[in-house]
Amino acid sequence: MSYQHLITNRDGPVEYLTLNRPEVRNAFNEQVIAELTAWAAAACESAARGDLRVVVLAGAGKTFCAGADVAWMSRTVDFTEEENLRDAMAMSHMFGALDEIPVPMVGRVHGAALGGGAGLAAVCDIVVAEESALFGFTEVKLGILPAVISPFALAKIGRSAARELFLNGARFPAARAREIGLVHAVVPMSDLDATIARYVQELLTAGPEAIAAAKART
């Protein structure tokens with residue numbers, strides 16, 4: 001399957017999935033949402049065949065993912081309530097589809113993971129961030145809510161951290177993201193890929209059915 005805004009590269013049982021809109025910091029729009037949803041369905045089929053064991057999710061360019069595309073959001077101002085609900089449900093379905101992939105998903109975060117980008121980090125099972133990366137549930141700064149990502153973020157960071165970070169919308173460093181459980185390893189940029197490779201190799205030593213069952217129960 002070919003994509004306009006995603007790059008996929010399969011290395012044996014490992015798939016490297018890259019968001020590829022660097023000119024807008026890999027921000028979401030309706031096409032990205034549709035493509036990620038379709039990719040997730042294909043990944044589930046591949047996992048069921050035993051072809052796929054691990055996914056590494058990254059962003060092209062200088063940023064992992066800056067959340068929603070401002071140009072896309074500006075168009076939604078004139079949407080009807082029904083149209084806005086449709087878009088919200090499509091994004092919610094995308095996050096749910098990614099969350100339910102029965103293989104480990106490792107997030108490679110550099111630059112920033114803001115808004116929906118932080119939501120992507122939340123649906124990754126393991127997140128490795130470079131030490132200068134910034135995170136933020138920044139929706140309230142735009143006068144909206146982190147509603148679509150909240151189930152996944154709450155499951156990852158807990159209610160106390162969510163109350164603080166959802167309400168103030170502040171950006172926070174990778175070290176704080178690790179403290180609250182959003183990130184699992186913080187390393188210099190020069191060590192980012194080697195650290196991810198170690199996680200991948202460790203995951204490949206485990207039984208795929210056991211991993212799928214463990215993921216489904218956590």
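The values are calculated or read from the model by the stated rules, or taken from the named source; none is laboratory data. Owing to the predicted nature of the structure, the values given are computational and were not obtained by experimental measurement. No Cβ is skipped: glycine too gets one built from the backbone with ideal geometry, and neighbour counts run over all protein chains shown.
Some observations on this one:
- Within the option set Leu114, Leu85, Leu19, being within 22 Å of Ile144 (Cα to Cα) and in contact with a Phe, Trp or Tyr (Cβ under 8 Å, 6 or more places away or on another chain) holds for one residue only, Leu114.
- A count restricted to the range 25-71 and to residues that are within 22 Å of Ile211 (Cα to Cα) and of a type outside the set (Val, Ile, Thr) stands at 17.
Each row is one residue, and each column tells you yes or no for (1) touching a residue at least 24 places away in the same chain (Cβ under 8 Å); (2) in a helix (DSSP H, G or I); (3) not hydrophobic (A, V, I, L, M, F, W, C).
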| position | (1), (2), (3) |
| --- | --- |
| Leu17 | yes, no, no |
| Ala42 | yes, yes, no |
| Ser46 | yes, yes, yes |
| Val56 | yes, no, no |
| Thr63 | yes, no, yes |
| Arg108 | yes, no, yes |
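- Residue list for the range 152-161, filter: over 12 Å from Ala118 (Cα atoms) and either among the aliphatic types (A, V, I, L, M) or touching a helix residue (DSSP H, G or I) at 6+ places or on another chain (Cβ under 8 Å) (or both): Ala155, Ala161
- Test: residue in the range 20-41 that is among the β-branched types (Val, Ile, Thr), in contact with an Asp or Glu (Cβ under 7 Å, 6 or more places away or on another chain) and under 23 Å from Pro102 (Cβ atoms): no
- Residue in the range 132-140 that is closer than 25 Å to Met89 by Cα, at pLDDT 95 or above, among the polar types (S, T, N, Q) and crowded, with 19+ Cβ neighbours inside 10 Å present: yes
- Look at (1) surrounded by fewer than 16 Cβ atoms within 10 Å (Cβ to Cβ); (2) under 16 Å from Val106 (Cα atoms) and you find that Ala41 fails only one, number (2).
- Test: Thr18 is among the β-branched types (Val, Ile, Thr), surrounded by 15 or more Cβ atoms within 10 Å (Cβ to Cβ) and out of contact with any Pro (no Cβ under 6 Å at 6 or more places or on another chain): yes
- Scanning the range 26-37 for residues that are at pLDDT 95 or above and within 14 Å of the chain's Cα centre (by Cα) yields Asn26, Ala27, Val32, Ile33, Glu35, Leu36, Thr37.
- Of all residues making up the range 152-167, the number that are aliphatic (A, V, I, L, M), more than 20 Å from Thr218 (Cα to Cα) and surrounded by fewer than 20 Cβ atoms within 10 Å (Cβ to Cβ): 1
- Of all residue pairs spaced 6 or more apart or on separate chains, those with beta-carbon atoms under 9 Å, a first member in the range 192-218 that is more than 11 Å from Val54 (Cα to Cα) and a second member that is of a type in the set (Asp, Glu) and surrounded by 14 or more Cβ atoms within 10 Å (Cβ to Cβ) are Leu192/Glu130; Lys215/Asp125; Thr218/Asp125.
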